[in-house]
Amino acid sequence: MPYRRWKRHGHRHGMHRMTEPRRCIMKIFEENAGHLSAEEVFMLANRYLPNIGMATVYRTLDILSQMNYINKIVSYDGRARYELVRDNKIHTHLFCVNCGRVFELPSLSEDLIERLKKDINGNAENMGIDVHSFDVRIQGLCPECKKNK
Ligand SMILES: [Zn+2]
Ligand SMILES: [Zn+2]
């Protein structure tokens, strides 16, 4: 269940334990739109929890991805980036094949999203899979890398 819904309902039912690092890192994702690397999360988390270590950040990011509160995206440079899971949105990520940065393309049309979801959910259901999120991967060159070519 997405974090927003967890905040509204989940803790009443004692679904998942929100430890201090988890709460802190979720706050960071809510306040910072975009795609954060573990190092960036660590730097931001340090302001709230000065004693937090890199190992805790990695572990917490893994747990939050498993809980489906954040998405883990691995780019060409091999670095993982993370973003908040938002309801009803298909992520359309463009990966720069040169610098590894991740961009988010403007959302697809509602109509197309609904059709895609229906199709994907139908197929997944047949395979016994519960779909958590959708992600479209596009490869290309970002404006900066294009300029430096
Ligand atoms: Zn680039
Ligand atoms: Zn994204």
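The values are calculated or read from the model by the stated rules, or taken from the named source; none is laboratory data. Remember, it's a predicted structure, so these values are computed and weren't measured experimentally. All Cβ positions, even for glycine, are placed from backbone atoms using ideal geometry, and neighbour counts span all protein chains on display.
Of the set (1) assigned by TED's automatic domain parsing to the domain that holds E31; (2) surrounded by 12 or more Cβ atoms within 10 Å (Cβ to Cβ), all apply to G140 but (1).
Does T60 satisfy being more than 16 Å from ligand 1 (Cβ to nearest atom) and either assigned by TED's automatic domain parsing to the domain that holds C142 or touching a Gly at 6+ places or on another chain (Cβ under 7 Å) (or both)? Judged against the criteria, T60 is not a match.
Within segment 71-79, identify whether any single residue is in a loop (DSSP other than H, G, I, E, B), over 13 Å from C24 (Cα atoms), among the hydrophobic types (A, V, I, L, M, F, W, C) and touching a residue at least 12 places away in the same chain (Cβ under 8 Å), and answer yes or no. No; the residues of segment 71-79 include none that is in a loop (DSSP other than H, G, I, E, B), over 13 Å from C24 (Cα atoms), among the hydrophobic types (A, V, I, L, M, F, W, C) and touching a residue at least 12 places away in the same chain (Cβ under 8 Å). When each of I25, I52 is tested for being assigned to a loop (DSSP other than H, G, I, E, B), surrounded by 14 or more Cβ atoms within 10 Å (Cβ to Cβ) and at pLDDT 90 or above, the lone residue that passes is I52. In segment 106-149, the residue that is nearest to ligand 2 (Cβ to nearest atom) out of those that are among the polar types (S, T, N, Q) and free of Cβ contacts under 8 Å to residues at least 12 places away in the same chain is S109. For segment 85-105, the set of residues classified as modelled with pLDDT under 80 and within 13 Å of ligand 2 (Cβ to nearest atom) consists of R86, K89, I90, H91, listed by residue number. Checking each residue in segment 109-127 for being among the hydrophobic types (A, V, I, L, M, F, W, C) and loosely packed, with under 14 Cβ neighbours inside 10 Å picks out L112, A124, M127. Selection of segment 68-84 for residues being more than 10 Å from ligand 2 (Cβ to nearest atom), at negative phi and not polar (S, T, N, Q) yields Y69, I70, K72, V74, Y76, D77, R79, A80. Entry remark, segment 92-137: residues being over 20 Å from N68 (Cβ atoms) and within 13 Å of ligand 1 (Cβ to nearest atom) number 9 in total.
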